[in-house]
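Here the structure comes first, spelled out in structure tokens, and everything after it is commentary.
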Amino acid sequence: MHLVFTLPRELAPLALQNKRVIYNLLFQASAATLLEIARDPRHLGAEIGFFSVLHTWNQRLQHHPHVHCVAAAGGLAPDHMRWIPSRHSFFLPVKMLSRVFRGKFVAGLKTAFHQDKLEFYGHLAPLAEPRTFAAWLRSLFRHDWVVYAKPPFGGPEHALRYLSGYTHRVAISNRRLVAIEQGNVTFRWRDSAHANKQRFLTLPIDDFLRRFLLHLLPRGFMRIRNFGFLANRQRASLLPLCFQLLAGSAILAVRTTSLTPRQPGASTYWNCPVCGGTMHVVERLSAAQLLLRSPPLVHGCAHEPRTPVSTSPHAPAALPQLCLIQTIASTRPPQPPSAATSPSAVSASSATATHSRDPPQQPHPSSHSLWSNRKYISQHSAERLPSSRCIRSAQQAPLAPRTVCYGRRRYSTKTYR
């Protein structure tokens, strides 16, 4: 996971005059924010590990202090007995990261001011007064601070490759320099505001050197730091434990996927619950389509009255919908329909059924076993959603072939008559 914590532009002049204090505070506030929110059981509930790299420039060599953090997509449980992975498309709430980071950084600024660790020169000299400094701090809460948190587009290797290019160099690499002529320096820069287009910028040599020297760090300052289970103090003991827990979870995942459909607990949403055949999704339903589900139409359901069908000439006609789900058996080929066809053999065949609004007059006698242990929702759009009593009644009565809906995916099992 790639995260970036950026200081607002109001703090840039203060950071230039107090580099060691502000940059240390930037490291501490961003790390404490990540560790605190990730440890919260309402979010991840784990102890994460990450490393941070300080950058103080943008593509045009202007002063732009920010910290890049590369974190593992998960962490150790509080008891250090298991690995807790994060969700695939979500790590931690970005807005909460931004506000907690802002609060911790401003609190650190107040502490540094009261300990006389901050120095003010030039146009920042009035901030040496406590009231003026307090009023200036209040202005930092007028907008949210920028925090970026997304998986790297090119994978973790891309983020590591980008950050590794600046571990032992400052601000600009030699390949970006284009020309030095007539007292000017021309270099390439990437315009992120316009689709990352490559542009050229020409500066006088004095201005180029001034921008370059803005990013020199104090002597002995560490620009790369490790936190969490990657911290130097506990990395030797926790990092092997992480590898061990990750290997154990991978073995467990392999064992789970290797279960045959006939074994207990091997049924998944992608396997037929009767025969174990693989179900292929060829249509996905939107949230609006899912709201148009209706209860099953059965002759023995006395608990749930059917909604009367409007006879108005302006009412829209109930059109039959085509179920595009195919169930492909993994063990046996499709069998021709016959009176002696069992439910397992029937559900193992490929099914593409067209369901109409009117129920069949004589349902197949074996359809009850097909729907006995299944959450049932029909696909008609003119009636309301089923309740638990209606589902129980549908399980006790013989039903016609219908569509099974698991979440937002619609499946179908066909019986022969």
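Here, each number is a calculation from the coordinates, and none is a lab measurement. Model, not experiment: these values are computed from the prediction. Neighbour counts run over all protein chains shown; Cβ positions are idealised from the backbone, glycine included.
Quick notes on this structure:
- Among Lys110, Lys104, the ranking by other beta carbons within 10 Å of each residue's beta carbon, starting with the fewest, stands as Lys110, Lys104.
- Listing Thr132, Thr167, Thr6 from fewest to most neighbouring C-beta atoms within 10 Å gives Thr167, Thr132, Thr6.
- Ranked for footprinting exposure by Cβ neighbours inside 10 Å, fewest first, Met222, Met1, Met96 give Met222, Met96, Met1.
- Rg in Å to one decimal, and Dmax rounded to a whole Å, for segment 1-137 via C-alpha atoms: 17.0, 55
- Loop-located trypsin sites (Lys or Arg not before Pro) in segment 133-168 (DSSP state other than H, G, I, E, B) with a sparse environment of at most 12 neighbouring Cβ atoms within 10 Å: Arg142.
- Over 23 Å between alpha carbons, listed pairs Lys19/Lys117; Lys95/Lys117; Lys95/Lys150: Lys95/Lys117
- Classification of segment 66-180 by its C-alpha gyration tensor yields an oblate form. The axis ratio a/c (a ≥ b ≥ c) is 1.5 or more, and b/c is at least a/b.
- Cα-based shape type of segment 144-251, given that a ≥ b ≥ c are square roots of the gyration tensor eigenvalues and the cut on a/c is 1.5: prolate
- Spacing of the two label points (7 Å from each Cα toward its C-beta) at Arg82 and Asp206, in nm: 6.6
- Global geometry of segment 163-216, whether rounded, prolate or oblate, following the gyration tensor of its Cα atoms and the 1.5 cut on a/c: oblate
- With coordinates expressed along the principal axes, the C-alpha atoms belonging to segment 191-230 extend over 43, 30, 10 Å, beginning with the largest.
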